[in-house]
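First comes the structure, then the notes that go with it.
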Amino acid sequence: MRKGVKLAGLLAVGVAAFAVACSPVCNPVPVADPHGTPEQQWNWWRETYATADYGQADLAGYTSLSDIPQCGMEDGSMAGGYERICEWRADAVGNHAGESYVLVDGGKVLSWGGTREM
C-alpha cells in the first residue's frame, strides 16, 4: 500500500513537472520551425505565436520580415533593456557575414545563414 501511494506521488510530481516545462507561460518565445525560407519561417512563427495566448499579439502586424526594424545592436540591447522586436541582417551590418536572425525581447525566434530568400 505504501509503495503504491509513493509511486502515485512520484507520478503526479513527474506529470506536473512535465506540464510546467511544456507550458507556453514558461517558454514565452517559441523558436520557429527551421524548414522553408526565412520569410516562410517568420510567417509560421507569427501565425502560430502572435496571439494573445502567447502574449505576442502586438507582433501580428509585422506581416513580412521587411516590416521588422533592424537591430541597433547585434543582441537587440538598448539602454533600457531589449528592443521588442528587431532583425539582425548579417549580410547588411557588422562584418557582412554570419547568421541573420529575428529577436523578440532579446530572444532569438528564428535564424538563417547567408542571404535571405524572398
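Summed over the range 79-100, the residues that are under 19 Å from the mean Cα position of the chain (by Cα) and of a type in the set (A, V, I, L, M) give a count of 2.
Among the residues of the range 57-112, what is the count of those that are part of a loop (DSSP other than H, G, I, E, B), open to solvent by less than 40 Å² (accessible area, probe 1.4 Å) and touching a Phe, Trp or Tyr at 6+ places or on another chain (Cβ under 9 Å)? So the answer is 6.
Of all the criteria given as (1) out of contact with any Ser or Thr (no Cβ under 7 Å at 6 or more places or on another chain); (2) at pLDDT 80 or above, the one not satisfied by Asn27 is (2).
The values are calculated or read from the model by the stated rules, or taken from the named source; none is laboratory data. It should be emphasised that the depicted structure is a prediction, and the values quoted were computed from it without experimental measurement. Please note: Cβ atoms are built from the backbone with ideal geometry, for glycine as well, and neighbour counts cover all protein chains shown. Ligands, DNA and RNA are stripped out before the accessible areas are found, and what is left, the full protein with its side chains, is counted by its heavy atoms. Shrake-Rupley method; radii C 1.70, N 1.55, O 1.52, S 1.80 Å.
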